[in-house]
Amino acid sequence: MDLPQLLLVGLVLLLGVAGVMVPGVPGRWLVWAGLMWWALRERSDLAWTLLVAATALMLVVQVVKWLLPPRRLLGAAVSLRTAVYAGAGAVLGFVLVPVVGAVPGFIGGVYLCERRRLGAHGEAWASVRSVMRDAGTSVLVELFACLAVVGAWVGAVVAGA
């Protein structure tokens with residue numbers, strides 16, 4: 001696969017990760033579709049293995065999301081700014097501490113946003129708990145899975161280069 005196509009696949013994957021944070025956008029499926037596009041063009045054992053593993057992970061995420069309480073971002077007073085901070089924190093945490101850093105990064109992003117908005121530590125932490133209870137767990141599960149797939153794709157592209 002040539003560089004322009006790799007960049008386009010990477011863009012689709014990034015849009016998918018960002019789409020996880022926006023209600024109604026099928027971010028997880030954008031990530032999967034980008035990975036499928038890459039696997040269909042790459043046609044290597046590694047590409048197909050990664051696509052199968054990502055498909056299994058996305059199906060597990062779907063089941064986990066069905067078992068969690070419904071996602072109520074709009075009714076939970078979660079602003080777009082909070083979603084952006086949480087997403088940026090998760091991505092930064094994922095990069096700094098691969099895979100497991102996404103969870104504290106997500107929570108840290110929500111806390112930072114709420115601390116800037118409310119000012120006090122206690123009020124910000126109470127708001128973080130409320131956000132995580134209302135919608136954060138569902139979003140976090142999906143975001144973590146998408147980041148894991150994107151990280152595996154980056155590793156596969158680097159290994160194949």
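The values are calculated or read from the model by the stated rules, or taken from the named source; none is laboratory data. Quantities reported herein were computed from a predicted structural model and do not represent experimental measurements. Quick reminder, even Gly has a Cβ in these numbers, built from the backbone with ideal geometry, and neighbours come from all protein chains shown.
Details
- Scoring ARG43 on the criteria (1) under 18 Å from MET1 (Cβ atoms); (2) at pLDDT below 95; (3) in contact with a helix residue (DSSP H, G or I) (Cβ under 8 Å, 6 or more places away or on another chain) leaves a single failure, condition (3).
- In summary, helices (runs of 4 or more DSSP H) completely within the range 54-140 and bearing 2 or more residues that are closer than 24 Å to VAL150 by Cα, at pLDDT 85 or above and under 16 Å from the mean Cα position of the chain (by Cα) occur at 80-96, 102-118.
- For the range 114-130, filtering for residues that are more than 15 Å from PRO104 (Cβ to Cβ) and buried (at least 20 other Cβ atoms within 10 Å of the Cβ) leaves 2.
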